[in-house]
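The structure appears below as structure tokens.
The values are calculated or read from the model by the stated rules, or taken from the named source; none is laboratory data. Fair warning: this is a prediction, and the values are worked out from it, not measured in the lab. So basically every Cβ, Gly included, is an ideal-geometry build from the backbone, and we count neighbours across all protein chains shown.
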Amino acid sequence: MKFFRYLLFSAVFVFGAVSCKKDTENQWKVEVKNPARKVEVTDISREFYDANVPLEDFKQKYPWFQGTVPDEDFSIRRADKEEAKIYNEAISKIDVAKLGNELTGLFSHIKYYFPEFSAPKVFLYSSALQGIMEPVFYQPQQNMLFIDVTGFMGENNTNYKGLEQYFQTSMNPQNIVPKVSQVFAEFFVQPNTDHQKFIDELIYHGKIMTLQDAFLPDFPDYLKMNYTQKQYDWAKENEANIWNYFVENNLVFSDDMRLKERFINPGPFSKFYTEIDNESSPRVGIFSGWQICRKFYQEKPETKLKDFLKMNAQEIFNQSNYKPKN
């Protein structure tokens, strides 16, 4: 297969070609004349673990935080020194002022493309490592965004012992804003319940990544993919090889549901079922879908983002003329 013929040489020859190519203008760098209001980040856990803040005062200020936990159990948690220690370590790694500025920029770009968007209230909190697999969640009804600081303590942090390495690569403070962006991108891209073919899955995720480009025009691409720089470089250098593999194995229009597990879902690598699997980057299906959508916008730069999101996968793929070359 071409995939294997080219792979051994791609790191040398393709990388050289990419390095020599002049960067194209980023069409998503726009002048935002009506920015979102300045984000004020509220750290709930700072008060939660502060013994000088009476329980009743805390409950009155954050009536939704306690849930159904009895006061007695709630008080025990507030006094838990180990939990407080984890929180203190996690929050010490985050520049809250910088985070607020970056979120203001993110929300301003979202508002630029979706004028009806209203910037949410932003809360930091500590789950004491219990919620680190989904450290960012949005409640649209209340327009509240919650960020679990213990989900961003840094790759190889001792508190993450036993957690698979491939999850840890995106658990650094620099991953917070891209993950917030992803949450909102997913909110605007409605999943197609009629997904039957692999191309539908690729374009669905490609749309999400395109919104990431629009929302975060100044952020590195590898962070948008939850990759390391090395993983992104591998995917970029082998873009054509990956696509050749999909084409030559008749996967593009396949309805094999197992392809999602092989090329979309989180994992240590993608599953080509070859000797190079361990060297590959994970979730290359998302990467390919992203590049198809980027190629579409090279062909059709005048397309409104909202119109693009309404297009079906076949339309986007056909109009993209996507044929990556080594």
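Pairs meeting the criteria (first residue in region 193-216 and among the β-branched types (Val, Ile, Thr), second residue assigned to a helix (DSSP H, G or I), beta carbons under 6 Å, at least 6 apart or on different chains) are Ile199/Ala313; Ile199/Phe317; Ile203/Gly289; Ile203/Ala313; Ile203/Ile316; Ile208/Ala185; Ile208/Glu186; Thr210/Cys293. Among residues of region 41-56 that are without any contact (Cβ under 8 Å) to a residue 24 or more places away in the chain and closer than 17 Å to Ser126 by Cα, those with a Cβ under 6 angstrom from a residue that is surrounded by 14 or more Cβ atoms within 10 Å (Cβ to Cβ) and β-branched (Val, Ile, Thr), sequence gap 6+ or separate chain, pair up as Glu47/Val53. In the set Lys85, Lys81, Lys93, only one residue is under 15 Å from Ile147 (Cα atoms) and either touching a helix residue (DSSP H, G or I) at 6+ places or on another chain (Cβ under 8 Å) or not aliphatic (A, V, I, L, M) (or both); that residue is Lys93. Just so you know, in region 265-314 the residues that are outside any loop (DSSP other than H, G, I, E, B) and out of contact with any helix residue (DSSP H, G or I) (no Cβ under 9 Å at 6 or more places or on another chain) include one that is nearest to His205 (Cα to Cα), and it is Lys310. Using the structure shown, decide if Ile199 is in the same structural domain as Phe287 (by TED's automatic domain parsing) and either out of contact with any strand residue (DSSP E or B) (no Cβ under 7 Å at 6 or more places or on another chain) or of a type in the set (A, V, I, L, M, F, W, C) (or both). Criteria met by Ile199.
Conditions tested, residue by residue: (1) in a strand (DSSP E or B); (2) without any contact (Cβ under 8 Å) to a residue 40 or more places away in the chain.
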residue: Lys98; (1), (2): no, yes
residue: Thr104; (1), (2): no, no
residue: His109; (1), (2): no, no
residue: Met133; (1), (2): no, yes
residue: Ile147; (1), (2): yes, yes
residue: Met153; (1), (2): no, no
residue: Gln174; (1), (2): no, no
residue: Ser181; (1), (2): no, no
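Scanning region 252-278 for residues that are surrounded by fewer than 17 Cβ atoms within 10 Å (Cβ to Cβ) and of a type in the set (Phe, Trp, Tyr) yields Phe253, Tyr273. Summed over region 221-248, residues that are part of a loop (DSSP other than H, G, I, E, B) and without any contact (Cβ under 8 Å) to a residue 60 or more places away in the chain total 3.
Any chance region 215-232 includes a residue that's crowded, with 16+ Cβ neighbours inside 10 Å and within 15 Å of Leu309 (Cα to Cα)? Yes, region 215-232 has at least one match. In the set Asp255, Asp218, only one residue is part of a loop (DSSP other than H, G, I, E, B), under 28 Å from Ile147 (Cα atoms), of a type outside the set (A, V, I, L, M) and out of contact with any His (no Cβ under 8 Å at 6 or more places or on another chain); that residue is Asp218. Checking each residue in region 262-321 for being among the hydrophobic types (A, V, I, L, M, F, W, C) and either closer than 24 Å to Glu164 by Cβ or in contact with a strand residue (DSSP E or B) (Cβ under 7 Å, 6 or more places away or on another chain) (or both) picks out Phe263, Ile264, Phe269, Phe272, Ile276, Val284, Ile286, Phe287, Trp290.
So in region 74-96, with the set limited to residues that are part of a loop (DSSP other than H, G, I, E, B) and either among the hydrophobic types (A, V, I, L, M, F, W, C) or surrounded by 20 or more Cβ atoms within 10 Å (Cβ to Cβ) (or both), which one is nearest to the chain's Cα centre (by Cα)? My answer is Ile94.
Look at (1) in a loop (DSSP other than H, G, I, E, B); (2) basic (Lys, Arg); (3) out of contact with any helix residue (DSSP H, G or I) (no Cβ under 7 Å at 6 or more places or on another chain); (4) modelled with pLDDT of 90 or more and you find that Lys59 fails only one, number (1). Taking the stated definitions as given, is Thr193 more than 19 Å from Asn101 (Cβ to Cβ) and modelled with pLDDT of 95 or more? No, not satisfied.
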